[in-house]
Structure formats: C-alpha cells, structure tokens
C-alpha cells in the first residue's frame, strides 16, 4: 500500500493531541445521534399505537423499518467513505438523518412514517460506518481500540440522554416531539463536522486528489504534528485493491464472514430488547414516561459497559472481553421477564443487562478496528454493519409475530437471547488476521 510514512507513522506512534481527541468526541456525538435516532421510534411507539391503533404485528414491522435503511446505508454509503472520503460521507449522512427525522415528525399516517424511517436509516447506517473509520484513522496505535469503542459507546449515551430529556417532554407533548428533537440535534452536528473534522490523512494519501500534500500538511499542523515534506513517488507505491471485493480476498474472507455472522446474531438480541421494552412495560400497566425511564436506565448501564470494555481493551485482548460480554448479554435478556414484578426490579435488571448489551455492541467496533486494515475499514465496518441490520430487522419483527401468536414474554426473551449466545461462540473462532495498513 502507498503510505506517507512520516505523516501516518507519526499519527500511529506520537501521543494524541487535543485536536485528535476533539475529532473522537465529535464522532462520539454522531453515534449518540444515531443511538437516539434509532430508538426514537421505540420512544414514540406507545403514542403511535394509541393514536393510530396499530396491532403488535404491524408495530413490529414499523419498529424495524429504519433498520432496513441502515443496512443499505452501512453497506453502500459506508463504502463511499473509502472511495470518496470520510468527511464528505459523514456530512451526507447527517443531512439525510435531519431530513428523515423531520418528515417522521410531520407524518400524517403510518405509510409516510415508515418511508421516513427507511430514509433516516440510510443516514444512520452511513454515519455508523464513517464515524468508526474516521476516529480510527486519527488515533494512534495505543488508543485506537479504546477510542473506537468509546465512539460506539456514544450509541447508548444518545439513548440515555434522549430518554432523560424525553420522559418529561412526553408528559406535555405527543410522540412527534421525539422526531423533532432528533432533527434539530442532527442539524446542529453538520457545522461541527464541517469545521472540526478534516479529511483523514490515510484517505488523502491513498487517493491522492489534487492538493493532497498541502491538505495533509495543513491537517498535521492543525493537529500539532510535524508535517511531511513530500508524498512518496508514485512508482514506489504498491498496487492496492480497495473496496467490497477485497473483503473477500483470502486474507480477509474468514474475518469478514465471522464478524458478519456474529454481529448479525448479536444485534438481533439487542434490537429485540431495546425496541420492544417500552411497549412491554406499558402493557404491564405503566405509563409511557415510566417505560422511557426503564429504557434510560438500561442505556445508562450501556454507557458504563461501553466505557468499561474500551478501557479493558487497553490491558486485555478484545476477543475474550467480547466473549464474556456476549454470554452475559444473553443471560440478562433471558432473565429480564422474571424481574417485571415492580418498576424498581425492572430498572435493576435492565441496568445489569444494559451494561453487557452495550459492551458487546461497542466491542464489535473495536474488533473492526483491530481486524480490518485502514484502507478497507469503512467498507469492512459498513459491510458487517449492513449484514447485521438483517438481524436488527428480525430482532423487533419476529417477536411481533410471536406476541401476536400468544407466546409468553419469558419464552420469547429466551429465544431472542440465543442470538448473543451464538455470537459469543462465533467470536471464539475469530483470529486476528491483518494485512498491512
């Protein structure tokens, strides 16, 4: 691969400066937006069901629609981060989310709402893949896994903050406030990314657009690092195939397949748990505000889990951390129905489950960064995230039909918890195979 040795090696080995941590913080914020935007439909679900009289089977489909958009956004728009740039792709994703959330808020019926959620999902999937690649590219080797897992931890942070602010708002306004708030916050992040997140040096060096050296030098000075004097000669560069096809080359095929299956299975469990929880809690006789509080407590546990696995990855290999997190996720989801006798017990068990549910989700982003080379990290993360959206679609949809068929909450939770269990088994067989960055 062609590399600007001085610039890229300095970013890999030198201590990270404030400018790099600001970029990581903004990426955390974009994932927080994604977390809020994805779960906004769960926050709004009790009100939508009451106003439009939706059955549980129809609600299960509505809860899954943006996840279908996320699959396309992660795979196709996420790959644009490798071919057209991290910064431009992230800005495009934010614009899509802003428009989609606003349209969902003004939707006059379930059909317009469904279309808006699919459109929003395109942007969410795009941001998921792009923020991961961007934060990874600007981090040194010492902090890369920590930073990427913290970025993924933005997802439960967004859910927690959303639940915290929405609980009182839902007492005064109807369900549409969830989407209006999401549109406003997404719009605010567009100028933040535009002014504070430059194009990554690894992308500029690989693609060599006009003025690449000047852009690299400017970014290096801005980040407080010594700029390079020149790019390597073209005839010194190795030929590199970048994109989806390279993910199935002999060196990466095994990693791609294992990560795809494991992520698919785990997010099926995750999205069942967080998407159906508000509706299940209200069915038990609690208010929408109380159901939002339970989801908020789960997300608070998730924040701690995401931070914990990120810090732990600095001292312990990410693979055994992921194995433990996935197995405890399965246990927590399976046991939750047995703690629904009081609101306090639901919050306690939800907090426990939330720690490991989000630790596992965040840990996958660490696995992406440590498994895929930088040149295909956007494509690799995007493909795995996109394939995983199949599990995310099935996670809310299958329980909808099972609830409609009369199966007990306990039985459904046990069935859906098996996804994380199988993901843990798959991670056991994941070995570190990397090509040079």
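The values are calculated or read from the model by the stated rules, or taken from the named source; none is laboratory data. Fair warning: this is a prediction, and the values are worked out from it, not measured in the lab. Cβ atoms come from the backbone with ideal geometry, glycine included; neighbour counts cover every protein chain shown.
For region 354-383, the tally of residues that are surrounded by 24 or more Cβ atoms within 10 Å (Cβ to Cβ) and either at positive phi or not in a helix (DSSP H, G or I) (or both) stands at 1. Looking at region 110-228, what helices (runs of 4 or more DSSP H) fall wholly within it and have at least 2 residues that are surrounded by 23 or more Cβ atoms within 10 Å (Cβ to Cβ) and touching a helix residue (DSSP H, G or I) at 6+ places or on another chain (Cβ under 7 Å)? The qualifying helices (runs of 4 or more DSSP H) are 110-137, 144-172, 177-196, 201-207.
Can we say residue 82 is over 16 Å from the mean Cα position of the chain (by Cα), at pLDDT below 90, more than 22 Å from residue 274 (Cα to Cα) and in a helix (DSSP H, G or I)? Against the criterion (over 16 Å from the mean Cα position of the chain (by Cα), at pLDDT below 90, more than 22 Å from residue 274 (Cα to Cα) and in a helix (DSSP H, G or I)), residue 82 qualifies. For region 50-67, the tally of residues that are assigned to a helix (DSSP H, G or I) and surrounded by fewer than 20 Cβ atoms within 10 Å (Cβ to Cβ) stands at 7. Among the conditions (1) out of contact with any helix residue (DSSP H, G or I) (no Cβ under 7 Å at 6 or more places or on another chain); (2) at pLDDT 90 or above, residue 405 misses just one, which is (2). Evaluation of residue 415 against the conditions (1) in a helix (DSSP H, G or I); (2) in contact (Cβ under 8 Å) with a residue 40 or more places away in the chain shows that the sole unmet condition is (2). Is at least one residue of region 318-327 in a loop (DSSP other than H, G, I, E, B), over 23 Å from residue 28 (Cα atoms) and out of contact with any helix residue (DSSP H, G or I) (no Cβ under 8 Å at 6 or more places or on another chain)? No, there is no match, as no residue in region 318-327 is in a loop (DSSP other than H, G, I, E, B), over 23 Å from residue 28 (Cα atoms) and out of contact with any helix residue (DSSP H, G or I) (no Cβ under 8 Å at 6 or more places or on another chain).
Checking each residue in region 384-412 for being outside any helix (DSSP H, G or I) and surrounded by 24 or more Cβ atoms within 10 Å (Cβ to Cβ) picks out no residue at all.
Looking across 288, 299, one residue alone is more than 22 Å from residue 380 (Cα to Cα), over 17 Å from the mean Cα position of the chain (by Cα), surrounded by 19 or more Cβ atoms within 10 Å (Cβ to Cβ) and at pLDDT below 85. It is 288. For residue 314, the conditions (1) within 18 Å of residue 416 (Cβ to Cβ); (2) in contact (Cβ under 8 Å) with a residue 24 or more places away in the chain; (3) more than 17 Å from the chain's Cα centre (by Cα) are fulfilled apart from (1).
On the basis of being crowded, with 24+ Cβ neighbours inside 10 Å, within 29 Å of residue 430 (Cβ to Cβ) and either out of contact with any strand residue (DSSP E or B) (no Cβ under 7 Å at 6 or more places or on another chain) or modelled with pLDDT under 90 (or both), does residue 324 make the cut? No, not satisfied.
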